[in-house]
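The values are calculated or read from the model by the stated rules, or taken from the named source; none is laboratory data. No experiment lies behind these values; they were computed from the predicted model shown. Here the Cβ positions follow ideal geometry from the backbone for every residue, glycine too, while neighbour counts run over all protein chains shown. Keep in mind that these areas ignore ligands, DNA and RNA; they rest on the heavy atoms of the full protein, side chains included. Shrake-Rupley method; radii C 1.70, N 1.55, O 1.52, S 1.80 Å.
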Protein chains: 2
Amino acid sequence: MSQDEILMIDEGLEILDEEECHRLVSDHGIGRVGVTIGALPAIFPVNYTTIGGDVVFRTGEGTKLRAALEHAVVAFEVDHIDPVYHQGWSVQIIGMADEIDPEWGERLAVTPWAPGHRHHVIRIRPEMITGRRIRRDHHHQD
Amino acid sequence: MSQDEILMIDEGLEILDEEECHRLVSDHGIGRVGVTIGALPAIFPVNYTTIGGDVVFRTGEGTKLRAALEHAVVAFEVDHIDPVYHQGWSVQIIGMADEIDPEWGERLAVTPWAPGHRHHVIRIRPEMITGRRIRRDHHHQD
């Protein structure tokens with residue numbers, strides 16, 4: 001990404017353009033899904049892949065996560081953070097989650113991490129994708 | 001944690017006890033806050049520390065995150081995932097977020113990553129803490 005594609009905001013974070021956001025998400029494989037369960041927010045790490053800009057991952061039978069994902073608008077966040085240098089990036093997707101044909105999961109090789117029968121495949125279609133790059137704060141170097 | 005402290009659940013995930021969850025959170029420094037902004041879920045990575053079991057981090061002036069955190073019940077998730085071996089753990093906290101005296105931030109050395117004036121210190125008091133260990137699915141080795 002060239003410098004002129006970066007818009008600086010007052011917090012000192014670089015806003016990433018949509019193309020860069022999609023590239024970062026498609027190059028990554030671990031993300032976090034944010035849902036609302038019983039009026040409370042909840043976050044779950046998932047192993048995902050992308051197809052045509054959609055995020056696809058598998059989940060188990062009867063889980064709270066699966067129920068919360070059914071036709072719900074969810075958040076999906078992917079980041080890469082360097083704990084030593086305090087730098088990194090974070091991309092956030094907002095979109096509708098839906099269960100799709102489990103065969104897609106096999107074809108996309110979305111391997112679930114946990115054992116058990118995880119035949120349910122969830123797709124999130126991004127309605128909004130935003131990202132920011134976090135850089136070291138030179139006033140607070142340690 | 002000894003084996004007899006582990007309760008297996010049907011998804012093949014090990015449920016971690018509360019003590020183990022607190023230990024994992026206090027040993028880590030990067031987490032993700034889940035909030036609701038304008039009826040939509042959102043996830044933000046933060047650099048945090050803990051004090052007496054509470055999660056403390058700094059945020060900027062006038063951000064959407066700060067507004068969403070004001071006396072709100074939020075999710076806070078910390079995980080460690082091995083992308084090669086598909087193993088890891090995830091701990092989730094549900095609790096009330098409140099702004100506290102900014103001096104605490106200085107004393108606790110909660111360094112913000114992004115530049116700018118980040119004098120607002122947020123504390124999440126855990127009302128619920130749960131965790132699980134994710135192990136490799138031997139039926140889906142790649």
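Here the calculated FRET efficiency for B:His71 and A:His80, from their Cβ-Cβ distance with R0 = 30 Å, stands at 0.40, rounded to the nearest 0.05.
When chain A is turned onto chain B, the axis of that turn runs closest to one Cβ of chain A, and that residue with its distance in whole Å is A:Gly34, 2.
Label separation (A:Asp101 vs A:Asp54): 1.1 nm, computed from points 7 Å beyond Cα along the C-beta direction.
Buried accessible surface for the A/B pair, both sides summed and rounded to the nearest 100, is 3800 Å² with a 1.4 Å probe.
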